[in-house]
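The next block holds one structure in the form of structure tokens; read it before the comments.
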Number of protein chains: 2
Amino acid sequence: MAEAGTGRRRPALSEPEIIARYFAPLAKGAPEAFGLKDDAALLPFGGDSELVVTTDTVVQGSHFHASDAPDDIAYKALAVNVSDLTAKGAEPYCYLLSLVLPHADPSWLSGFSNGLGEAQEAFGCKLVGGDTTATDGPLCISLTALGRLPRGKMVPRGGAKAGEHLYVSGTIGDAALGLQLSEEPNLAQQWGLDEDQAAYLTGRYRRPAPPVALASILRDRASAALDISDGLLGDAAKLCEASGVGGEIQSHQLPLSRPARQALGADAGQLASIMTGGDDYQVLAAIPGAQREVFEAAAAGAGVEVRAIGRLTGADSGLNAVDESGARLQFKRLSYDHFA
Amino acid sequence: MAEAGTGRRRPALSEPEIIARYFAPLAKGAPEAFGLKDDAALLPFGGDSELVVTTDTVVQGSHFHASDAPDDIAYKALAVNVSDLTAKGAEPYCYLLSLVLPHADPSWLSGFSNGLGEAQEAFGCKLVGGDTTATDGPLCISLTALGRLPRGKMVPRGGAKAGEHLYVSGTIGDAALGLQLSEEPNLAQQWGLDEDQAAYLTGRYRRPAPPVALASILRDRASAALDISDGLLGDAAKLCEASGVGGEIQSHQLPLSRPARQALGADAGQLASIMTGGDDYQVLAAIPGAQREVFEAAAAGAGVEVRAIGRLTGADSGLNAVDESGARLQFKRLSYDHFA
């Protein structure tokens, strides 16, 4: 046994390492799994369709606060799964819910059920199965969502090529700022936000709004996509790694909401949380040059804002973020990792 | 506000009440969901097949002990889901795993991965997707399993008719006795079990063995089925309620393992845990009289023991358990309810 203080510290495992080392071997020989390198599995479905299946869990303390309203918690649990379907180019179809509940409180359950109902309505899918279990620990909500798309049209994570353009949907960073505001309400004053602006940002943390209308456009126009859940830069790095390319993201091109611009103006250090904080649940997509015009027009027609934020490059250059002057931006970390 | 001690106690909600009240409305209009009254959803699949989708979560403290070996925990998580597929008449196809982990310990993860691998091998399915999240609370493993069967052949929970025969697969009660032994090792001596017998029973708690080979036989011969997870009597009551029938189960017909017979001989009170304790993960099926012979022969051919344990009756008589003399058996509860 090592003496206290002299033992070699066990290295922390990152989420990708855990998956690669302990779970990818279990998916060997299953073409549906893509080696667990994508956010979803792909199965045949009736007719000329395929089924995209994805699962994401939200845990009290990590993804929401115990004090958050149950309808918001429910809404978020479905939204983060629908977000994966959207990025794959699939329309939401149905979902299964596993609820690990500290206590079966009727008013909490009623709020939770209402929030799920609102999310179903917003995203166009229904509950088809589930499981309810008691726990002494924190609330966990595990959801498996199924989406449909035409055969052969799933948008992969790894299909991007050097020279293509990186686009994001919606606005970036709102949720990461909203999370800080919900933990430290005084920040609103520091950032010069009025009540509505602060509520907008916390609302984006509590109720993500994945751009479901973009799914059919992505599957026709994008060569690669994923949803931005852990942080723009980290998720962009995943897309680049899976595609064998590098990339450059221009911070001054990021689509920011008015409250986010206000916060960033008051505290330039918030650029890090905007670019690496996560919880956006917007789409990051690689669009070939020849598709840009029609992609932008189709997105506008569907009422989804999209913005080019950079280019894909050769793999050698890695993923870089640069400011307006072309200077490289350095951040402590690229994204959120549960185990880092 | 009510004064301490004078407030009306809020009635506890049972799991079926939670589902009926808060979740069934969210499945309205989704024929795939069967009103959330079954253990699975049914979706179209490629060709002439359908897909059965089920989700079950195992939580530390409820379904396993923190001290259980990680390979056993993993094995059980997959087995309890495969058990639902088997009862529906579906062959295991693939699964998604959501792991909520207190700490990313390499040796624990390695054991967990090995156990999943053994279970995959035993049940014939592969991992196709998942999610890993950190938690401050207990370990939760949420699994969504998908199974395949020919179109129109899913065995429902509610298809049984009065006069049909109730069968179970395997042996009943081993796991409920094994759970007690794992919590109170002294019971082995009280029950007169040698080390191997005690290990057999705890092994049945830790590694359920759903009779996957029975799936294709059930879909041709059974009018209704479900897996026995919460307790034989409670699960039989669910089958009866869904089918609009009553039933009678004869305790002396129950298939018991030799160690279970030994324990029951030493402590007649253990009949309650055998009949209501749960964790069997065997199948309870309704078999029409005309199908009995071929059902039994086919099960024997597949190497699965099945035993007739009673009959279905008119709905008026409810579900009853009787002993050899025909006297009714009364138990405090029919099965395990997480929230009761």
Exercise. What shape does the stretch A:96-201 take by its C-alpha gyration tensor, where a ≥ b ≥ c are the square roots of the eigenvalues and a/c under 1.5 counts as rounded, a/b above b/c as prolate, and the rest as oblate?
Worked result: oblate
Exercise. Among the listed pairs A:88/A:238; B:37/B:76; B:161/B:238; B:37/B:153; B:88/B:161, which are separated by more than 22 Å between their Cα atoms?
Worked result: B:37/B:76
Exercise. Going by the alpha-carbon gyration tensor, a ≥ b ≥ c the square roots of its eigenvalues, is chain A rounded (a/c under 1.5) or, if a/c is not under 1.5, prolate (a/b greater than b/c) versus oblate?
Worked result: rounded
For this session: Report, for residue B:268, each distance to the same residue's label point in the other copies, shortest first and in nm; define the point 7 Å along Cα→Cβ.
Result: 8.6
For this session: Would you kindly work out, in nm and rounded to one decimal, the distances from the label point of residue B:110 to those of the same position in each other copy, ordered shortest first, with label points 7 Å along Cα-to-Cβ?
Result: 5.3
Seminar exercise, completed: Dividing the mean separation of Cα pairs under 8 Å (6+ apart) by the residue count of the stretch A:114-245 yields a relative contact order in percent of 36 percent
Seminar exercise, completed: Once all protein chains are kept in place, residue B:184 shows an accessible area at probe 1.4 Å, nearest 10 Å², of 100 Å²
Problem set entry | Euclidean distance between Cα centres, the stretch B:19-59 to the stretch A:44-94, Å | 16 Å
Seminar exercise, completed: Toy charge model, Lys and Arg Cβ at +1, Asp and Glu Cβ at -1: the stretch A:88-176 dipole around Cα centroid in debye, rounded to 20, equals 660 debye
Problem set entry | Within 10 Å of each Cβ in B:143-149, the average number of Cβ atoms from other chains | 4
Problem set entry | Inter-copy spacing of residue B:297 label points, which lie 7 Å from Cα along Cα→Cβ, given in nm from shortest upward | 6.9
Problem set entry | Estimated [θ] at 222 nm from DSSP helical runs (n ≥ 4, -39500 (n - 2.57)) normalised by residues in chain A, nearest 500 | -9500 deg cm²/dmol
Seminar exercise, completed: Averaged over the residues of A:207-214, the number of partner chain Cβ atoms within 10 Å of each residue's own Cβ comes to 0
Exercise. Ranked from the most accessible area to the least, with a 1.4 Å probe and all protein chains present, what is the order of A:329, B:127?
Worked result: A:329, B:127
Problem set entry | Of all DSSP beta bridges in the protein assembly as shown, antiparallel share, percent nearest 5 | 75 percent
Exercise. Considering only DSSP beta bridges whose two residues both sit in chain A, what percent are antiparallel, to the nearest 5?
Worked result: 75 percent
For this session: Summarise the accessible area of the protein assembly as shown (1.4 Å probe, protein heavy atoms) by the percent that is carbon and sulfur.
Result: 47 percent
Exercise. With the other protein chains left in place, how much accessible area per residue, in square angstrom, belongs to chain A at a 1.4 angstrom probe?
Worked result: 40 Å²
Problem set entry | Accessible area that becomes buried as A packs against B, both chains, 1.4 Å probe, Å², nearest 100 | 5300 Å²
Problem set entry | 10 Å Cβ neighbours from other chains, averaged over peptide B:37-43 | 4
Exercise. Which cross-chain or sequence-distant (5 or more) residues have an amide H under 5 Å from the amide H of residue A:61, H modelled 1.01 Å from N in plane?
Worked result: A:66
For this session: In whole angstrom, note down how far apart the Cα centers of the stretch B:247-325 and the stretch A:196-224 are.
Result: 53 Å
For this session: Please label the shape of the protein assembly as shown as rounded, prolate or oblate, based on the square roots a ≥ b ≥ c of the eigenvalues of the alpha-carbon gyration tensor (a/c under 1.5 means rounded; beyond that, a/b larger than b/c means prolate, else oblate).
Result: prolate
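The values are calculated or read from the model by the stated rules, or taken from the named source; none is laboratory data. Only a predicted model underlies this, so the values are computations on that prediction, with no experimental measurement involved. Reconstructed Cβ throughout: ideal geometry from the backbone, glycine too, with neighbour counts over all protein chains shown. We work out accessible area using only protein heavy atoms, side chains counted, and drop any ligands, DNA or RNA first. Shrake-Rupley method; radii C 1.70, N 1.55, O 1.52, S 1.80 Å.
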